[in-house]
Structures are given as C-alpha cells and as structure tokens.
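*Asks:* One structure follows; several queries about it will come next.
The values are calculated or read from the model by the stated rules, or taken from the named source; none is laboratory data. These figures come from a predicted structure and were not determined experimentally. Heads up, the Cβs are rebuilt from the backbone with ideal geometry, glycines too, and the neighbour counts pull from every protein chain shown.
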Amino acid sequence: MVGSRREGGYVALLAVLIVGAAATAIGILLLTTGVDSGRVALVDQRSKQARAAAVACTEEALQQVHDNIGFSGSNSLTLAPADCTYTVTVTAATTRTITTTATIGDVVRKTQVYVTIGTSTISITSWQEVG
C-alpha cells in the first residue's frame, strides 16, 4: 500500500507538468498571434496612408499641368508621415504621363496617370496603380 501512494504522487506531478507545458504553449501561441496581427494591421494602415499620399501627389501634378500645360519635370512632397515624388512626362503635344511614388517606412505605393489636354479641359484617360 505504501508503494501505491508513491506512484499516485508521481502521476499527479506528471499530470501537473503536462498541463503546465500545454498551458505555456497555448499562451506563447496566443502572444505570437497577437504580435503578428498587430504587424499586419500596421502594414495595412501604412499602405492606405501611402496610397492617399500617392493620390495627393498626383493631384499636385495635375494642378501643375493645369497651371502650365507645357509643364514637365518632377517634384517631391512631404505629407507626414509619407514622402512622395511625381514626374510629369510630355508624351505628345496634348498628352502627359504622371508617375507618382509614395513611401511610408518600407511600404511603397505607385500610380501612373495618363492625361489628355484639350483646349479648355484636362481629361484623365487612365489612372492605375503600378507595381
């Protein structure tokens, strides 16, 4: 009978160790999942901010073309927390290509816009995000 009591203690100790190890593993899994979710949310937020900055840069370039239809060249803007650059290229007498790049941290968003200039209007022919 004395021997069975000792075995019962070992079984209880072993059960406590197994349950403790499983609880620790679950806790670590939950912590790493939370950190990963936070990273994904941050990258998503930065991506949206970079896209908004690229749109703002494109709008600035369109304003430059509106003010001076012969405009070509590049410029940069700081739209905290983003930095962006735009380039206006004359592709023909009445067409322009506007390329923008916006960056926040390691997230980069780019757009390319094709514009046709009329006698009293500026029309956007195409607006697309590029790789």
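*Asks:* Spot the failing condition for ASP106; the list is (1) at pLDDT 90 or above; (2) surrounded by 12 or more Cβ atoms within 10 Å (Cβ to Cβ); (3) out of contact with any Phe, Trp or Tyr (no Cβ under 6 Å at 6 or more places or on another chain), and only one is missed.
*Replies:* Failed condition: (2).
*Asks:* For segment 21-73, which positions are in contact with a Ser or Thr (Cβ under 6 Å, 6 or more places away or on another chain), of a type outside the set (Gly, Ala, Ser) and either exposed (fewer than 10 other Cβ atoms within 10 Å of the Cβ) or more than 23 Å from ALA93 (Cβ to Cβ) (or both)?
*Replies:* CYS57
*Asks:* On to the next question. I need the full set of residues from segment 109-124 which are surrounded by 14 or more Cβ atoms within 10 Å (Cβ to Cβ) and touching a Phe, Trp or Tyr at 6+ places or on another chain (Cβ under 9 Å), in order please.
*Replies:* Scanning segment 109-124 gives THR111, GLN112, VAL113, TYR114.
*Asks:* Looking at (1) of a type in the set (S, T, N, Q); (2) free of Cβ contacts under 8 Å to residues at least 24 places away in the same chain; (3) out of contact with any Phe, Trp or Tyr (no Cβ under 9 Å at 6 or more places or on another chain), which one does SER72 not meet, given that it meets all the others?
*Replies:* It fails just one condition, (2).
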